[in-house]
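**Student:** Got a structure here, written out as structure tokens. Questions coming.
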Amino acid sequence: MLVSELLKSKGDLVVTVHPDTSLEQAAKQLARFHFGVLVASEDGKVVSGILSERDIVAKVAEVGAQGLGIKTRSVMTREVYTCTASDTLDDLMRIMTEHKFRHIPVVDDDGNVCGLVSMTDLVRHRVEELEAETEMLQNMITAR
């Protein structure tokens, strides 16, 4: 299955945050949308970085509550793997597993973010595939 097909079924909502946004404001966005990451972007289109819940928690654990005043840019991951709508979910699963991260922004031909794929999305898709396969096999067995 291609990323484009997954985005059609799950939606393409991506919440971005400006790199100068405080971690407190970013945390509020994460809570509001029930997301695990925000895409950091200067213009709301091009990926500058990615900020996860874990990034915020780690900074607060390191410096205390004053860490919430720190800007996103000082905590975000700057080297972000991205994918395109034509990539396969199998490729994303391999990349995410190999590099130990759980989200990949999807970018269009102009490099603008147009979706986000999570490991949860990939696992959910795989479970659905296995359930469909199991049902097909059961139908084949009972049809005899």
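The values are calculated or read from the model by the stated rules, or taken from the named source; none is laboratory data. Just so we're clear, the structure is a prediction, and the values are computed from it rather than from any experiment. Every residue, glycine as well, gets a Cβ built from its backbone with ideal geometry; the counts of neighbours run over all protein chains shown.
**Student:** Condition test on Leu68, is it of a type in the set (A, V, I, L, M, F, W, C) and farther than 29 Å from Arg124 by Cα?
**Tutor:** Yes, satisfied.
**Student:** Can Asp43 be described as touching a strand residue (DSSP E or B) at 6+ places or on another chain (Cβ under 8 Å), over 17 Å from Cys83 (Cα atoms) and among the charged types (D, E, K, R)?
**Tutor:** no
**Student:** Let me ask something else. Scan region 39-50 for residues that are out of contact with any Pro (no Cβ under 9 Å at 6 or more places or on another chain) and of a type outside the set (Asp, Glu) and jot them down.
**Tutor:** Hits for region 39-50 are Gly44, Lys45, Val46.
**Student:** Going through region 43-68 one residue at a time, which ones are touching a residue at least 24 places away in the same chain (Cβ under 8 Å) and either in a loop (DSSP other than H, G, I, E, B) or loosely packed, with under 11 Cβ neighbours inside 10 Å (or both)?
**Tutor:** Correct list: Gly44, Lys45, Val47, Ser48.
**Student:** Quick one: count up the residues across region 17-42 that are outside any strand (DSSP E or B) and under 18 Å from Asp121 (Cβ atoms). Spell out how you get there, then give the answer.
**Tutor:** Going through region 17-42, the residues outside any strand (DSSP E or B) turn out to be 18-21, 23-36, 41-42.
Within this subset, residues satisfying the condition of being under 18 Å from Asp121 (Cβ atoms) are 30, 33-36.
Residues flagged as outside any strand (DSSP E or B) and under 18 Å from Asp121 (Cβ atoms) within region 17-42 amount to 5.
**Student:** Any idea which of Val127, Val117, Val107, Val113 is over 20 Å from Glu79 (Cβ atoms) and either within 10 Å of the chain's Cα centre (by Cα) or β-branched (Val, Ile, Thr) (or both)?
**Tutor:** Val127
**Student:** Taking region 71-104 as the region of interest, how many residues are assigned to a helix (DSSP H, G or I) and either under 14 Å from the mean Cα position of the chain (by Cα) or of a type outside the set (Ser, Thr, Tyr) (or both)? Full working, then the answer.
**Tutor:** In the first step, residues of region 71-104 are kept if they are assigned to a helix (DSSP H, G or I); the result is 72-74, 89-99.
Among the residues that remain, those that are also either under 14 Å from the mean Cα position of the chain (by Cα) or of a type outside the set (Ser, Thr, Tyr) (or both) are: 73, 89-99.
The qualifying residues number 12.
**Student:** Considering Ser9, Ser86, Ser22, Ser74, which residue is at pLDDT below 95, hydroxyl-bearing (Ser, Thr, Tyr) and surrounded by fewer than 17 Cβ atoms within 10 Å (Cβ to Cβ)?
**Tutor:** Of the residues listed, the single one that is at pLDDT below 95, hydroxyl-bearing (Ser, Thr, Tyr) and surrounded by fewer than 17 Cβ atoms within 10 Å (Cβ to Cβ) is Ser9.
**Student:** Only residues that are of a type outside the set (A, V, I, L, M) and over 30 Å from Lys45 (Cβ atoms): list them for region 106-143, please. So that I can check it myself, show each step before the final result.
**Tutor:** First pass over region 106-143, keeping only residues of a type outside the set (A, V, I, L, M): 108-112, 114-115, 118, 120-121, 124-126, 128-129, 131, 133-135, 138-139, 142.
Within region 106-143, Arg126, Glu128, Glu129, Glu131, Glu133, Thr134, Glu135, Gln138, Asn139, Thr142 qualify.
**Student:** Determine whether region 78-97 contains at least one residue that is among the hydroxyl-bearing types (Ser, Thr, Tyr), in contact with a His (Cβ under 9 Å, 6 or more places away or on another chain) and either in contact (Cβ under 8 Å) with a residue 12 or more places away in the chain or over 19 Å from Leu13 (Cβ atoms) (or both).
**Tutor:** First, the residues of region 78-97 that are among the hydroxyl-bearing types (Ser, Thr, Tyr): 81-82, 84, 86, 88, 97.
Next, from what is left, pick out any that are in contact with a His (Cβ under 9 Å, 6 or more places away or on another chain): 81.
After this cut, where a residue has to be either in contact (Cβ under 8 Å) with a residue 12 or more places away in the chain or over 19 Å from Leu13 (Cβ atoms) (or both) as well, the list is 81.
The answer is yes; a qualifying residue exists.
**Student:** Return the residues of region 34-43 that are at pLDDT 95 or above and not β-branched (Val, Ile, Thr); say none if nothing qualifies.
**Tutor:** Leu38, Ala40, Ser41, Glu42, Asp43 - these are the residues of region 34-43 that are at pLDDT 95 or above and not β-branched (Val, Ile, Thr).
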